[in-house]
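Single-structure report; data block below.
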Amino acid sequence: MLLKELTEAFGPTGFEDEVRGVARRELDAMGLSVRTDVLGNVIASTGEHHPGPRVMLDAHMDEVGLMVTHIGEGREDGGLLRFRPLGGVDPRVLVSKPVLVGERRIPGVIGAKPVHLQQPSEREKPIPMEKLYIDIGARDADDARRHVKPGDPVAFATAYDELPHRMAKAKSFDDRVGCYILLEALRRWKGALPVFGAFTVQEEIGLRGAHAAAYQIQPDIAIALEGTVAHDVVGTPAHGQSTVVGKGPAITVQDGQTVAHRRFAEFLWETAKTRNIPVQWRRVKGGTNDFGAIHRVGKGVLGGAISVPVRYIHAPTQVVSLDDVMHAIDLVVAVLDEIAKGGFRP
Amino acid sequence: MRDWVMRLMDFVAPSGSEAAVVQALLDHVRDAADETWVDALGNGMARKRGEGPHLMLAAHVDEPGVMVIDIDDRGYLRVVSVGDVHARECAGRVVRFTNGTEGLVHADPSAKGDLDFDALVVDVGARSREEAERMAPIGTAGAVHVPHVTWGDDMVMGRAIDNRLGCAVAAEVFRKLAARGLNVSVAFTAQNAVGARAAQAAAFQLEPQYALVIDGAAADDVWHDDPAISLGKGPVLKVMDRASVVPLEGKRAVEQAADGLHLLLQHEVSRDAWSDTGAIQLAKAGCMAIGLGYPVRRAGAFAATADVSDAKGLVDLAVATAETLLG
């Protein structure tokens, strides 16, 4: 199953190779024109000979993770791995989580002082990242160095599983869910429009790959396909939820780096409504996505984002509604249809 | 100029919602231009081809504001900021949205410490969620309403004087330079208050050799006995900000122009501003971008004060600077 394969692929920021391999395999099977650029972005295109507008669909391949910075040499910490985050990671979600280290996927666990041994003052605060370490069972530093070196990336070791009520849990729904939507939309869509699928690198540390991808594509319209924050759970008033899982893909009006093109956001909304696809506004300003970089490239790019609500985003185990994912694919295909019919003029 | 600026101040145009005021400005320069257009990010541009190197004028049209982000079952709105806005500045004030709807901002009386936007609710008088969704749908932007006031002929206080006054200056300078047959363009730029996001795309399309970027300069003549920048003491050369330093050739051209006009010139060195100047100078192969300004008390705030006589001096200074650079 493709969504399972995509989420379980190893792909912390800068180390997207495995995800790129899956994307290229699927795109090649569709018979699209595919290339990988110098930064590692995969760009697929179809219908380039048709008159515009040129439409760029974007999903980032990387996921938040960690990077090994130091292998302990001392008597106490010999063979334990210190690390820094790759992307925005809350240290409170890390303790006791299983991880995979480096290209050889060495299993490890994030360790910390047990509660029995903590001072009362230590118990009152979350353990800061610099006090956490990864334990790969090495006897000492030399033993650890046989398996791992500083600079090795670390991903969470979370298996994809389906939950009741058409829900699923996995790591990296942000943004493998976008990669999946982009692949399935390209597979389904048949029409006369120049469409570019960009699978980008290094979104989680500053939207870096998308800038170069947009520069190459020079789109008239761009849509970022994302996993976005949902907090529709206990103790949250309605206005604090951002998005609600199961209520359909979310459309951005403003985030940390974009103010929506109002006419385009309304076009996305109306397209969903007329086709009976559930849709919701993304009701929070914080966070952003690749469109934040894309819209500023060159002469400026019109567009926006279609996002799937993700509970526990940026944590080792994230939860989505599979119905939201399917509705997002429906919406992307419908939007391409409408643009091809002249239903939106840039 | 004053009455024209006050008409421009009536437009509610937070970043991303600039379309109406951009059209008003393009209408004002259209007869002097070869072509006018609005781009994907909302910049409005006018181009007049002529002799010599191409000089671009730029002034941002947008202002900070708020945006509807949620509506509850009772019809109350939640808002977030657009640009650098403090929640405490909004509490108890009237918000006017781009569609004309007005609302009163309530602050949660139990909120402690510095207010944030989570503690604000806007009442637009709706009796239900549906009614509120019709009056101010999610994504609608607005600004705190401040009726404008004039003192004498030239002193103006109100909302968005920073940078509608600059837009009026840029438009007038464009008309004057175009009338002299020079190679000139003007960009009324969008999305400056959220971090100078659109100006580089404008310069990318226009490809100027020189750019004069007009914006308010923060006057400190209320709380300082020995202010660096004062109202009524002339236009401002924005020597440096967080994103740009004026090259020496440009600085000399401005100072020479001021001397020739016997005009008082003030100098601004800002650590705070992310200006359009910095974005414009780095488009494509780069250009010489010079920030020019007029003093504003409470620059960037909802209610601010400027002296139109400084802006009139700025028009003369910009025209003379352009002639020095291009001549």
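The values are calculated or read from the model by the stated rules, or taken from the named source; none is laboratory data. A quick note: this is a predicted structure, and the numbers were derived from the prediction, not measured. Positions of Cβ are generated from backbone atoms using ideal geometry, with glycine treated the same way; all protein chains shown enter the neighbour counts. In case anyone asks, the SASA skips ligands and DNA or RNA and just uses the protein heavy atoms, side chains included. Shrake-Rupley method; radii C 1.70, N 1.55, O 1.52, S 1.80 Å.
In region A:190-205, which residue that is of a type in the set (A, V, I, L, M) and in contact with a Ser or Thr (Cβ under 6 Å, 6 or more places away or on another chain) is modelled with the highest pLDDT? Spell out the reasoning first.
Taking region A:190-205 and keeping what is of a type in the set (A, V, I, L, M), we get A:192-193, A:195, A:198, A:201, A:205.
Now drop any that are not in contact with a Ser or Thr (Cβ under 6 Å, 6 or more places away or on another chain), which leaves A:195, A:205.
On the way: A:195: 98, A:205: 95.
Ranking the qualifying residues of region A:190-205, first place goes to A:195.
Does residue B:184 qualify as being part of a strand (DSSP E or B), touching a residue at least 60 places away in the same chain (Cβ under 8 Å) and crowded, with 20+ Cβ neighbours inside 10 Å?
Numbers: part of a strand (DSSP E or B): yes; touching a residue at least 60 places away in the same chain (Cβ under 8 Å): yes; crowded, with 20+ Cβ neighbours inside 10 Å: yes.
Against the criterion (part of a strand (DSSP E or B), touching a residue at least 60 places away in the same chain (Cβ under 8 Å) and crowded, with 20+ Cβ neighbours inside 10 Å), residue B:184 qualifies.
Please determine, by comparing only the residues of region B:39-50 that are surrounded by fewer than 24 Cβ atoms within 10 Å (Cβ to Cβ) and part of a strand (DSSP E or B), which one is nearest to the other protein chains (Cβ to nearest Cβ). Working first, answer last.
Of the residues in region B:39-50, the ones surrounded by fewer than 24 Cβ atoms within 10 Å (Cβ to Cβ) are B:39-40, B:45, B:47-50.
Filter again for part of a strand (DSSP E or B), leaving B:45, B:47-48.
Numbers: B:45: 11, B:47: 14, B:48: 20 Å.
Checking each candidate, the answer is B:45.
Looking at B:70, B:84, B:39, which one is at pLDDT below 95, of a type outside the set (Ser, Thr, Tyr) and touching a Gly at 6+ places or on another chain (Cβ under 9 Å)? Spell out how you get there, then give the answer.
On the way: B:70 fails: at pLDDT below 95; B:39 fails: at pLDDT below 95.
Going through B:70, B:84, B:39 in turn, the sole match is B:84.
Check whether at least one residue in region A:28-39 is surrounded by 23 or more Cβ atoms within 10 Å (Cβ to Cβ) and not assigned by TED's automatic domain parsing to the domain that holds residue A:105, and report yes or no. Write out each step before concluding.
So in region A:28-39, the residues surrounded by 23 or more Cβ atoms within 10 Å (Cβ to Cβ) come out as none.
No; the residues of region A:28-39 include none that is surrounded by 23 or more Cβ atoms within 10 Å (Cβ to Cβ) and not assigned by TED's automatic domain parsing to the domain that holds residue A:105.
Within region B:166-181, count every residue that is more than 18 Å from residue B:26 (Cβ to Cβ) and open to solvent by less than 60 Å² (accessible area, probe 1.4 Å). Can you show your working first?
Within region B:166-181, the subset more than 18 Å from residue B:26 (Cβ to Cβ) is B:180-181.
Then drop every residue that is not open to solvent by less than 60 Å² (accessible area, probe 1.4 Å), which leaves B:181.
Residues in region B:166-181 being more than 18 Å from residue B:26 (Cβ to Cβ) and open to solvent by less than 60 Å² (accessible area, probe 1.4 Å): 1 in total.
One residue is enough: does region B:121-140 have a residue meeting the conditions in a loop (DSSP other than H, G, I, E, B), on the phi > 0 side of the Ramachandran plot and within 14 Å of another protein chain (Cβ to nearest Cβ)? Steps first, answer last, please.
Here is the first cut: in region B:121-140, the residues in a loop (DSSP other than H, G, I, E, B) are B:124-128, B:136-140.
Then keep just the ones that are on the phi > 0 side of the Ramachandran plot; that gives B:125, B:139.
Cutting the leftovers down to within 14 Å of another protein chain (Cβ to nearest Cβ) gives us B:139.
Yes: one or more hits.
Name the helices (runs of 4 or more DSSP H) wholly inside region B:218-327 in which the number of residues that are out of contact with any helix residue (DSSP H, G or I) (no Cβ under 9 Å at 6 or more places or on another chain) and open to solvent by 50 Å² or more (accessible area, probe 1.4 Å) is 2 or more.
Working: elements: B:248-261, B:276-281, B:308-326.
In region B:218-327, B:248-261 are the helices (runs of 4 or more DSSP H) which contain 2 or more residues that are out of contact with any helix residue (DSSP H, G or I) (no Cβ under 9 Å at 6 or more places or on another chain) and open to solvent by 50 Å² or more (accessible area, probe 1.4 Å).
Restricting attention to region A:268-277, does a residue exist that is farther than 23 Å from residue A:201 by Cα, within 11 Å of another protein chain (Cβ to nearest Cβ) and crowded, with 21+ Cβ neighbours inside 10 Å? If you could, list the steps in order and put the result at the bottom.
Quick first cut of region A:268-277, residues farther than 23 Å from residue A:201 by Cα only: A:268-277.
Among the residues that remain, those that are also within 11 Å of another protein chain (Cβ to nearest Cβ) are: A:269.
Those left that are additionally crowded, with 21+ Cβ neighbours inside 10 Å: none.
Looking for residues that are farther than 23 Å from residue A:201 by Cα, within 11 Å of another protein chain (Cβ to nearest Cβ) and crowded, with 21+ Cβ neighbours inside 10 Å, one finds none in region A:268-277, hence no.
Quick one: residue A:284 ticks every box in (1) in contact with a strand residue (DSSP E or B) (Cβ under 7 Å, 6 or more places away or on another chain); (2) closer than 30 Å to residue A:50 by Cα except a single one, so which number is it?
Here residue A:284 meets the rest and fails (2).
Listed here are the residues, each with its yes/no results for (1) within 26 Å of residue B:216 (Cβ to Cβ); (2) open to solvent by less than 20 Å² (accessible area, probe 1.4 Å); (3) touching a residue at least 12 places away in the same chain (Cβ under 8 Å).
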| residue | (1), (2), (3) |
| --- | --- |
| B:54 | yes, yes, yes |
| B:57 | yes, yes, yes |
| B:62 | yes, yes, yes |
| B:70 | no, yes, yes |
| B:77 | no, yes, yes |
| B:105 | yes, yes, yes |
| B:110 | no, no, no |
| B:123 | no, no, yes |
| B:128 | no, no, yes |
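Could you tell me which of the residues A:246, A:286 is assigned by TED's automatic domain parsing to the domain that holds residue A:224, surrounded by fewer than 20 Cβ atoms within 10 Å (Cβ to Cβ) and within 17 Å of the chain's Cα centre (by Cα)?
Values: A:246 fails: within 17 Å of the chain's Cα centre (by Cα).
Answer to the check: A:286.
Testing residue B:109 on (1) at pLDDT below 95; (2) in contact with a strand residue (DSSP E or B) (Cβ under 8 Å, 6 or more places away or on another chain), one condition comes back false. Which one is that?
Residue B:109 satisfies every listed condition except (2).
Pick out, from region B:51-110, the strands (runs of 3 or more DSSP E) lying fully within it that include 3 or more residues that are out of contact with any Asp or Glu (no Cβ under 9 Å at 6 or more places or on another chain) and on the phi < 0 side of the Ramachandran plot.
Details: elements: B:51-60, B:65-71, B:77-82, B:94-97, B:102-107.
Counting at least 3 such residues, we get B:51-60, B:65-71.
May I ask you to list the residues in region A:196-243 that are within 25 Å of residue B:42 (Cα to Cα), open to solvent by 40 Å² or more (accessible area, probe 1.4 Å) and not basic (Lys, Arg)?
Within region A:196-243, A:206, A:211, A:215, A:216, A:218, A:220 qualify.
Taking the conditions exactly as written (within 14 Å of chain A (Cβ to nearest Cβ) and open to solvent by less than 10 Å² (accessible area, probe 1.4 Å)), does residue B:29 satisfy them or not? Write out each step before concluding.
Values: within 14 Å of chain A (Cβ to nearest Cβ): no; open to solvent by less than 10 Å² (accessible area, probe 1.4 Å): yes.
No.
State all residues of region B:197-209 that are surrounded by fewer than 22 Cβ atoms within 10 Å (Cβ to Cβ) and not in a helix (DSSP H, G or I); if no residue qualifies, say none.
Once the filter is applied, which keeps residues that are surrounded by fewer than 22 Cβ atoms within 10 Å (Cβ to Cβ) and not in a helix (DSSP H, G or I), region B:197-209 yields B:207, B:209.
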